[in-house]
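A short worksheet on the structure shown next.
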Amino acid sequence: MAAPDWILPVFIFAVGCCIGSFLNVVVYRLPRDKSLVIPPSACPACGRNIMFYDNIPLVSWLLLGCKCRYCKAPISPRYFIIELLTGAVFMGLYFIYFHFGLRSGMESFFGGGWFVYLIHISLLACLIAASAIDLELWVIPMAICWFATAVGLAGSAVAGYVIDPQLIRGYYLLPTTSDLVFKEATVASLALGSTIGLGISMVLVAAGVIKRSYESAPAEGENLACEQEKQDQQQFNHRLEICREILFLLPIIVCAWAALEVSRTNLTISTWWVNFSQHPFVAGLMGSIWGYFVGCGIVWATRILGTLGFGKEAMGLGDVHLMGAAGAVVGPVSVVVAFFIAPFFGLAWAGVQSLSKKIRQIPYGPFLSLGVFAVMILHDSVFNFLARMFYR
């Protein structure tokens, strides 16, 4: 007998709540430079280990009355909120993709749609954790961005072996070299050139030829939160610091342009490269890499122009890498749209603040995350609109 339709979404919600419970560990421990595995979860007030029956997502917080079983110290509602939010996002995306018909090419969960869904919820989990940390400490740990980027790169590279590559290209399910703006060989050339340039820049930084921007020497054992606070208190010449970042970006820009020119002007290389870049593995990997660079680039350009114009740091490097990770998962076009959607969430927040008369600044990472989530939901509408613009 076939399983009832409600079993899968309920299971997904439960898994999402469990992932949310782990995200709470990430949010607390990662910026404080603590292991995510050991020691076991314990009450911050009395230090007693939390037993498994007191660590059931959602249920334990409610049954304990949001207090520690032993010392009765209050347990932050953040734990319950993140668990519930993660479960709701996981289940909501499942319904949007597979029941509401808002995402073409994703009609069947077990027909390959699960693979795209898994990659997307991995990104969303990272965005939830990064946003929670950003809200508390105004910093986004690079480890979260690197994990999401790795998921995007690996997932896009092997997607062609799980889902029909024509389906991926036709519905833009995951990043590929097939793009609304550029030809396939062009995207692959830009991705390869940018990667080579990034390697050169990193070597120059390691050799001391290019100085790191906003560099302050952390004390031994100093965690990310303390390092950020120390950096905030330190005085910098912001325009000078941003010029160091421009120097870091120059090899990436030059190598991307050079790779594009070589692929266009050399007929032998061009013919071989066009055929090579259409291989599903190469197309997925290069498309994801290009999405990463576009995501980083649009935020980094805003950071550079804002800092040069206003003389103080505009947007953080964490935002740069967060959008790079998003670009590696959703692709270059979607990440650009997400970047331009994000300010509307900022305006909505400002409106709520003005009504409540409680002004509280919050970092930009949560707005960027909401922009990415909105693009996932509105994917078909966005691409249909852009297709009409480019091909009318």
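Quick note: the coordinates plus some simple rules give every number you see, no bench work behind them. Predicted model only: the values in this text are computed from it and were never measured. As a convention, Cβ positions derive from the backbone with ideal geometry for all residues, glycine included, and neighbour counts pool all protein chains shown.
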_Candidates PHE367, PHE345, PHE310, ranked by Gaussian network fluctuation over the chain, Cα under 10 Å, top entry_ = PHE310
*In nm, give the distance between the simple-model label positions of LEU355 and PHE340, each being 7 Å from the Cα along the Cα-to-Cβ direction.*
2.8 nm
*Picking from VAL10, THR271, VAL282, whose Cα lies most toward the positive end of the charge dipole for the chain (charges on Cβ: Lys, Arg +1; Asp, Glu -1)?*
VAL10
_Could you tell me the calculated FRET efficiency between LEU305 and LEU204, based on Cβ-Cβ distance and R0 = 22 angstrom, to the nearest 0.05?_
0.40
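Going by how many other beta carbons lie within 10 Å of each one, how would you line up TYR97, TYR214, TYR292, TYR117, fewest first?
Listed from fewest to most nearby Cβ atoms, that is TYR214, TYR117, TYR97, TYR292.
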*Nitroxide proxy distance, nm - points 7 Å out along Cα→Cβ at SER270 and PHE109*: 4.8 nm
*Per-pair calculated FRET efficiency, R0 = 25 Å: PHE52 and ARG78 via Cβ, rounded to 0.05*: 0.75
*Three-way shape label, the chain, alpha-carbon gyration tensor, a/c 1.5*: oblate
*Reduced Cα scattering model of region 7-100, Debye log10 I(q)/I(0), q = 0.10, 0.12, 0.15 Å⁻¹*: -0.30, -0.42, -0.62
*What ranking of LEU347, LEU378 emerges when the number of other C-beta atoms within 10 Å of each C-beta is taken as an exposure proxy, fewest first?*
LEU347, LEU378
*When the chain is treated as a GNM, springs tying every alpha-carbon pair under 10 Å, which of LEU30, LEU63, LEU240 comes out with the largest mean-square fluctuation?*
LEU63
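When the helix-only estimate is applied to the chain (DSSP H runs of n ≥ 4, each -39,500 (n - 2.57), divided by the residue count), what is the mean residue ellipticity at 222 nm, nearest 500 deg cm²/dmol?
Values: 15 runs with 265 residues, N = 392.
The helix-only estimate for the chain comes to -23000 deg cm²/dmol at 222 nm.
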*Given the options LEU93, LEU247, LEU102, which has the most mean-square fluctuation in a GNM of the chain, springs set between C-alpha atoms less than 10 angstrom apart?*
LEU247
*Counting Lys and Arg as +1 and Asp and Glu as -1, each charge on the Cβ, what is the dipole of region 7-100 about the Cα centre in debye, to the nearest 20?*
360 debye
*Report the paramagnetic label zone for LEU64: residues of region 19-40 whose backbone N is under 12 Å from a point 7 Å from Cα along the Cα-to-Cβ axis.*
none
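Which helices count as membrane-span-like in the chain under these terms: full DSSP H, at least 27 Å along the axis by C-alpha, Kyte-Doolittle mean of 0.5 or more?
7-29, 77-98, 114-137, 184-206, 238-265, 280-310, 332-356
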_Gyration tensor (alpha-carbon) shape descriptor, region 133-206, a/c threshold 1.5_ = oblate
_If I take the Cα coordinates of region 281-332 and project them onto the principal axes, what are the three extents in Å, biggest first?_
44, 14, 11
*Could you put PHE293, PHE340 in order, starting from the residue whose Cβ has the fewest other Cβ atoms within 10 Å?*
PHE340, PHE293
*Indicate the gyration tensor shape class of region 86-192 (rounded, prolate or oblate), computed on the Cα atoms with a ≥ b ≥ c the square roots of the eigenvalues: a/c under 1.5 is rounded; otherwise a/b larger than b/c is prolate and the rest oblate.*
oblate
*Förster radius 35 Å - calculated FRET efficiency between GLU241 and LEU347, Cβ distance, rounded to 0.05*: 0.75
*Total Lys pairs in the chain closer than 21 Å by alpha-carbon, pairs eight or more apart in sequence or interchain only?*
4
